[in-house]
Amino acid sequence: MDLAVILTYRCSSRCSMCHVWKHPTQPEAEVTPATLAKVPGGFDFINLTGGEPTLRRDLPEIVDLLHPKACKLEISTNGLHADRLVPLVEKYPDIKVRISIEGFGETNDSIRGEPGGYEKKIATLDRLIAAGGQDLGFATTFQDENSDEIVGLYRLTQEKGVEFATSALHNGYQFFKSDNGQYDRVRVARKGEDLVTEMLKSTSVKTWFRAYLNLGLIRKILGQRRLMPCTAGTDFAFIDPWSDVYACNVRPDLLMGNLVEQSWEEILHGETADEHRRKVAACPQNCWMVGSARTAMRHPRYAKLPKWEPLRWVLANKLRVSLGVRIPFERYVDYGDVHQGEEIPRRVSYLEDRGERQPLPKESTRYAEFDQGFFNR
Ligand code: SF4
């Protein structure tokens, strides 16, 4: 169904919850258009992500190459480089662009280490709207520092007529982070309830199902089991900047092959991929990121349709909200089953040291700093 291509680990943001920017790839080592030409057509979604994908000078060439291979091509961006996005949206108005934003003003700028970032993102979104973009939106990661602003951000997207995607803090090798976690899980999860309720008031069917995605996020925040099993390596996969193909972006042990050395078919149908799918079926991580959640919600045979469980939940709770009845969250989420884990150290904003920052290392240390022991915090 879905493929994510991590085009680069270079990034112009300095997020506290993702340290990709500390481990930039060298441009000449990054996956090339010739290698990406080996990706077959017929995907539901292909997501171009990073790092910051707009830092790739050959992004227009990559978009030309991959746009015909998916029903929907997405660019996940920090939105700081509008000049590189506008021509792409003018050429392909149906391209999906999600701009990462973590709150209003200083909240965003501090979490993401982006001086003036909030204002730039709003300006970028407005320019993309003016350029004729048909599938634009913001994407926000739930965390202690912004949980009071999430509903406000959602309302902002409604005013602008764009989409609102959410995620929660995760650890993973792709983020070079193993100490992400909530300081106050219950408080942040309760804020998620407000967003779920607000989304079910919408007239957009897509937004109702996004409410269900946020129900899954509440469980993730509380450290509980996924709403539905993960299908990494079967329904979605990741290509990293070195052309390595992984079942997911969290576990570095789920490497299925390399697209320079092998064909897509060899990777997908190889013994390694089969072995990793068995590991996925028993995976204890309980991630709930959009890639793993969206695919899990979709019908295995009719990918445009949802599975029965999310459909039933959406119908029941849309009706409740329409009648002014409170959603009985306690039926779906056990607030007595909170996995607090060890005390989480506060994440550091990199905003202040921007001027004094040392040059980034020339070569990535790859996964050297990654500590798998902290996965589940
Ligand atoms: S639940 Fe396991 S297999 Fe699925 S995305 Fe998370 S780490 Fe990967």
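For this structure, a couple of remarks:
- Across the alpha-carbon set of the chain, the Rg to Rh ratio works out to 0.93, Rh being the Kirkwood radius.
- Loop-located trypsin sites (Lys or Arg not before Pro) in the stretch 276-335 (DSSP state other than H, G, I, E, B) with a sparse environment of at most 14 neighbouring Cβ atoms within 10 Å: ARG301, LYS304, LYS307, ARG326.
- Exceeding the 22 Å Cα-Cα cut-off - candidates LYS120/LYS201; LYS69/LYS120; LYS191/LYS318; LYS191/LYS304: LYS120/LYS201; LYS69/LYS120; LYS191/LYS304
- Here the chain is assigned +1 on the Cβ of each Lys and Arg and -1 on the Cβ of each Asp and Glu. Its dipole about the Cα centre then comes out at about 1240 debye.
- Within straight-line cross-link reach of LYS177, lysines at Cα separation under 19 Å, skipping those fewer than 8 residues along the same chain: LYS22, LYS220
- Range of Cα positions in the stretch 52-164 per principal axis (Å), largest first: 40, 26, 22
- For the stretch 47-149, relative contact order (Cα pairs under 8 Å, six or more residues apart, normalised by length) works out to 28 percent.
- Unpaired by the 4.7 Å Cβ criterion, cysteines found in the chain: CYS11, CYS71, CYS230, CYS248, CYS283, CYS287
- Alpha-carbon gyration tensor eigenvalues x 5, square-rooted, for the stretch 216-301, Å: 24, 13, 11
- Listed values for the stretch 201-209 are Karplus-derived 3J(HN,Hα) couplings in whole Hz (6.51 cos²θ - 1.76 cosθ + 1.60, θ = phi - 60°), namely 7, 5, 8, 8, 4, 4, 5, 4, 6, and x replaces Gly and Pro.
- Whole-Hz couplings from phi, Karplus 6.51/-1.76/1.60, listed for the stretch 162-174; x for Gly and Pro: 10, 8, 9, 9, 10, 8, 10, 4, 10, 9, x, 5, 5
- Treating each Cα of the stretch 105-172 as one equal point scatterer and applying the Debye formula with no solvent, the log10 of I(q)/I(0) at q = 0.20, 0.23, 0.28 Å⁻¹ comes out as -0.89, -1.12, -1.37.
- For the stretch 231-327, chymotrypsin sites (Phe, Trp or Tyr not before Pro) are listed when DSSP marks them as loop and at most 15 other Cβ atoms sit within 10 Å of their Cβ; the list is TYR302.
- When the charge dipole of the stretch 53-131 is built from unit charges on Cβ atoms (+1 for Lys and Arg, -1 for Asp and Glu) and taken about the Cα centre, the candidate among LEU80, GLY105, HIS67 whose Cα reaches farthest toward its positive end is HIS67.
- The stretch 175-243 - charge dipole about Cα centre, Lys and Arg +1 at Cβ, Asp and Glu -1, debye rounded to 20: 240
- Dipole of the chain [Lys/Arg +1, Asp/Glu -1 at C-beta], most positive-end residue of VAL5, VAL151, MET17: VAL151
- Computed over the chain with a Gaussian network model linking Cα atoms closer than 10 Å, the most mobile of ARG251, ARG155, ARG57 is ARG57.
- Proximal aspartates and glutamates relative to LYS72, as straight alpha-carbon distance under 20 Å, when same-chain residues fewer than 8 apart are discounted: ASP2, ASP44, GLU52, ASP58, GLU61, ASP64, GLU90, ASP94, ASP135, GLU163, ASP235, ASP240
- Long-range HN-HN contacts of SER167 with modeled amide H, under 5 Å: THR140, THR141, PHE142
- Loop-located trypsin sites (Lys or Arg not before Pro) in the stretch 166-267 (DSSP state not H, G, I, E or B) with no more than 15 neighbouring Cβ atoms inside 10 Å: LYS201, ARG225.
- Once the C-beta distance of GLU28 and VAL325 is scaled by a Förster radius of 45 Å, the resulting FRET efficiency is 0.15 to the nearest 0.05.
No lab work stands behind these numbers, since they all come straight from the coordinates. Small disclaimer: the values here were computed from a predicted structure and weren't measured. As a convention, Cβ positions derive from the backbone with ideal geometry for all residues, glycine included, and neighbour counts pool all protein chains shown.
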